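Asker: Before anything else, here's the structure in question.
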Amino acid sequence: MSTPLRLGLAGLGTVGTGVVKIIQNHAGLLAARAGRPVEISAVSARTRGKNRGVDLSGYGWEDDPVALATRDDVDVFVELMGGADGPAKAATEAAIAAGKDVVTANKAMLATHGQALAEAAEARGALIRFEAAVAGGIPGVKALTEGLAGNRMLRVMGVMNGTCNYILTRMENAGLPYDEVFEEASALGYLEADPTLDVGGIDAGHKLALLASIAFGTRVAFDHVELEGIERISIDDIRHAADMGFRIKLLGVAQMTGRGLEQRMSPCLVPAGSPLGQLENATNMVVLEGDASGQIVLRGAGAGEGPTASAVMSDVLDIARGIRLSTFGQPAATLAAPIPARATAAAPYYLRMVLQDNPGALAKVATVLGEAGISIDRMRQYDHADTTAPVLIVTHKTTRDALDHAMGGFAATGVVVGHPVAIRIETL
């Protein structure tokens, strides 16, 4: 019988227990597909006696994940603890130093320390695989490193945070305000312990930075991702967008230009009938554009026990089969340090503002836009019952710099109340 591939599993939360279930329920199938058995030697978690709904009695236990990562009966260290630093990073470094392969779902750790970890792994002949770190069960990493490896990638984009998509679609479908849906998502356990990781776009930004590194052959550059979350999106924005045939999504876009690498994660309006516009609830979508392949669209569950554990096991089975790939698709030493570039491609924008209900107020706003070189495509004023009037403007294509110039000039008009909201419109 072939020698089994022995796993050390650190982290027995939702994803970790999902991995245990797959290995216990599909042992024969995994062995047939990998050409060798896949087994768990030992596990580690914060609490030993907790009832997790799976039988762990046949596995060794280590209180310290570093000890687990260096056990003699562990070939692959599976890190599912999370966190950019702390025990996850220490145990991953220990596994690499011991020459062991690593499978992880930890996008924060890789977005922060990916280059150093990749260099250390390659120096020891070890692998780091992280399909589960990006968009749950969607095989985006595998698509870039394998299926599209013959392409020069033009653009990577997508909806990569299921919690944000849940909040936005729930607001729209139920007509509920952001704060109420945020509390609902928290009660359902959808939010990270630090919710700004989700609603602030940070979690999705980590994922975008990882995909951009593979797509464009650059070092991971999360610090260069332009981040804007969904906190300022109101139910009125969602209703107005729907009136015009759009839906609001937290959309990530990365592309290499002559000026450098553009990476942005921000709310955008997308056509309601487009693949991105049709995403509901916690579903994710990754769109990959290559010079030879054209546009490839991958859609599926972006989180959860089964989908994420499925992604973990895809990496485990590749290792069991003897497939050896560099962490980011090419040797870490060949990854270029990216030059950060702000997105300058022109696009239409949605503007929402509240104006004093005075004669000439709209004319003053239009003048500011015109002086910034921005023309108006559509404008709509909504019914009101006080001394202010909500106004919606859709511009023709313009640059963000021109828009920022105009936004800065609105305050001087004396007719704009509060802070206007500007959202880019992406046409796919």
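The values are calculated or read from the model by the stated rules, or taken from the named source; none is laboratory data. Predicted, not measured: the structure shown is a model, and the values here were computed from it. For neighbour counting, all protein chains shown are included, and Cβ atoms are generated from backbone atoms with ideal geometry for every residue, glycine included. Note: areas computed on protein heavy atoms with side chains; ligands, DNA, RNA excluded. Shrake-Rupley method; radii C 1.70, N 1.55, O 1.52, S 1.80 Å.
Asker: For region 123-136, how many residues are in a loop (DSSP other than H, G, I, E, B) and either of a type in the set (Phe, Trp, Tyr) or touching an Asp or Glu at 6+ places or on another chain (Cβ under 9 Å) (or both)?
Answerer: Residues flagged as in a loop (DSSP other than H, G, I, E, B) and either of a type in the set (Phe, Trp, Tyr) or touching an Asp or Glu at 6+ places or on another chain (Cβ under 9 Å) (or both) within region 123-136 amount to 3.
Asker: Of 289, 280, which residue is under 21 Å from the mean Cα position of the chain (by Cα) and open to solvent by 40 Å² or more (accessible area, probe 1.4 Å)?
Answerer: 280
Asker: Looking only at region 388-419, how many residues end up being outside any strand (DSSP E or B), among the aliphatic types (A, V, I, L, M) and in contact with a helix residue (DSSP H, G or I) (Cβ under 6 Å, 6 or more places away or on another chain)?
Answerer: The total comes to 2.
Asker: Then there is this: Search region 167-194 for residues that are closer than 19 Å to residue 277 by Cα and pair each with any residue that is part of a helix (DSSP H, G or I) and not polar (S, T, N, Q) when their beta-carbon atoms are under 6 Å apart and the residues are at least 6 apart or on different chains.
Answerer: From residues that are closer than 19 Å to residue 277 by Cα, the pairs are 167/181; 167/185; 170/181; 171/181; 171/235; 171/238; 172/238.
Asker: Residue 299 versus (1) touching a Lys or Arg at 6+ places or on another chain (Cβ under 9 Å); (2) open to solvent by 40 Å² or more (accessible area, probe 1.4 Å): which is the lone unmet condition?
Answerer: Evaluating residue 299 over (1) touching a Lys or Arg at 6+ places or on another chain (Cβ under 9 Å); (2) open to solvent by 40 Å² or more (accessible area, probe 1.4 Å) leaves (1) as the failure.
Asker: Which of the residues belonging to region 57-101 are part of a loop (DSSP other than H, G, I, E, B), under 23 Å from residue 210 (Cα atoms), of a type outside the set (A, V, I, L, M) and in contact with a strand residue (DSSP E or B) (Cβ under 8 Å, 6 or more places away or on another chain)?
Answerer: Scanning region 57-101 gives a single hit, 100.
So that you can scan it fast, the table gives a plain yes or no per residue for (1) of a type outside the set (Phe, Trp, Tyr); (2) within 22 Å of residue 424 (Cα to Cα); (3) at pLDDT 95 or above; (4) touching a Lys or Arg at 6+ places or on another chain (Cβ under 9 Å):
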{"position": "166", "(1), (2), (3), (4)": "no, yes, no, no"}
{"position": "172", "(1), (2), (3), (4)": "yes, yes, no, yes"}
{"position": "177", "(1), (2), (3), (4)": "yes, yes, no, no"}
{"position": "185", "(1), (2), (3), (4)": "yes, no, no, yes"}
{"position": "188", "(1), (2), (3), (4)": "yes, no, no, no"}
{"position": "193", "(1), (2), (3), (4)": "yes, no, no, no"}
{"position": "208", "(1), (2), (3), (4)": "yes, yes, yes, yes"}
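Asker: Follow-up question, since we're still on this one. In region 21-48, how many residues are under 30 Å from residue 86 (Cα atoms), surrounded by 14 or more Cβ atoms within 10 Å (Cβ to Cβ) and in contact with a strand residue (DSSP E or B) (Cβ under 7 Å, 6 or more places away or on another chain)?
Answerer: 8
Asker: Being surrounded by fewer than 19 Cβ atoms within 10 Å (Cβ to Cβ) and in a helix (DSSP H, G or I) is the filter here, so list the residues in region 365-387 that pass it.
Answerer: Scanning region 365-387 gives 366, 367, 370, 371.
Asker: In region 167-200, which residue that is within 14 Å of the chain's Cα centre (by Cα) and part of a helix (DSSP H, G or I) is surrounded by the most Cβ atoms within 10 Å (Cβ to Cβ)?
Answerer: 198
Asker: Any chance region 55-76 includes a residue that's under 30 Å from the mean Cα position of the chain (by Cα) and within 21 Å of residue 134 (Cα to Cα)?
Answerer: yes
Asker: Which of the following residues is farther than 27 Å from residue 126 by Cα, polar (S, T, N, Q), at pLDDT 90 or above and in contact with a strand residue (DSSP E or B) (Cβ under 8 Å, 6 or more places away or on another chain): 398, 367?
Answerer: Just a single option satisfies the conditions, and that option is 398.
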